[in-house]
1. Please give the per residue accessible area of the chain, computed with a probe of 1.4 Å over protein heavy atoms only, in Å².
2. In debye, nearest 20: dipole of the chain around its Cα centre with unit charges on the Cβ of K, R (+) and D, E (-)?
3. Calculate log10 I(q)/I(0) of the chain for q = 0.16 Å⁻¹, where I(q) comes from the Debye formula with a single equal point scatterer on each Cα and nothing for solvent.
4. Enter the angle in degrees (range 0 to 90, nearest 10) between the Cα long axis of helix 49-63 and the first principal axis of the Cα atoms of the chain, meaning the one along which they spread out most.
5. For the chain, which trypsin sites (Lys or Arg not before Pro) are both in a DSSP coil and crowded by at most 16 other Cβ atoms within 10 Å?
6. Please give me, ordered by residue number, the GluC sites (Glu not before Pro) of the stretch 19-49 that lie in loop per DSSP and have at most 13 other Cβ atoms within 10 Å.
7. Given the rule -39500 (n - 2.57) for each run of at least 4 DSSP H residues, summed and divided by the residues of the chain, what is its mean residue ellipticity at 222 nm, to the nearest 500 deg cm²/dmol?
8. Using 0.36 nm per residue, how much length does the chain from residue 69 to residue 12 gain when fully extended, once their Cα-Cα distance is taken away?
Amino acid sequence: MSDTLSSQQRRELPDSDYGLPERREYPMPDAAHVRAAEAYFRYCPEDLKPRLARAILAKARQYGVDVESPTVLSYAQQ
């Protein structure tokens, strides 16, 4: 699967597949999307970055993805 979802596919995802479920942003239904969420992390609002970083790390463990971004790793510690 690529890191692009159609609007229909996004609607069908459960909230638990989103890095920010209340906003339904940063979908991570697979490894490619975990990598995309890591790449787009810088666009996340500052106050939500710690929560998104922890969600990225949790999904990365689930899908066997190595998170390499020092920024994501740093925010996950907050």
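The values are calculated or read from the model by the stated rules, or taken from the named source; none is laboratory data. Remember, it's a predicted structure, so these values are computed and weren't measured experimentally. Please note: Cβ atoms are built from the backbone with ideal geometry, for glycine as well, and neighbour counts cover all protein chains shown. SASA here: full protein model, heavy atoms, side chains in, ligands and nucleic acids out. Shrake-Rupley method; radii C 1.70, N 1.55, O 1.52, S 1.80 Å.
1. On the way: 4680 Å² over 78 residues.
So the chain comes to 60 Å² accessible per residue, rounded to a whole number.
2. Values: 11 positive and 12 negative charges, 18 e Å.
Roughly 80 debye for the chain.
3. Evaluating at q = 0.16 Å⁻¹ gives log10 I(q)/I(0) of -0.50.
4. 60
5. Numbers: sites: 10, 11, 23, 24, 35, 42, 51, 54, 59, 61; in loops: 23, 24.
Passing both the DSSP loop test and the Cβ count: 23, 24.
6. Working: sites: 22, 25, 38, 46; in loops: 22.
Sparse-neighbourhood loop GluC sites (Glu not before Pro): 22.
7. Numbers: 4 runs with 37 residues, N = 78.
Rounded to the nearest 500, it is -13500 deg cm²/dmol.
8. Working: separation 57, 0.36 × 57 = 20.52 nm, distance 2.89 nm.
That works out to 17.6 nm of additional length.
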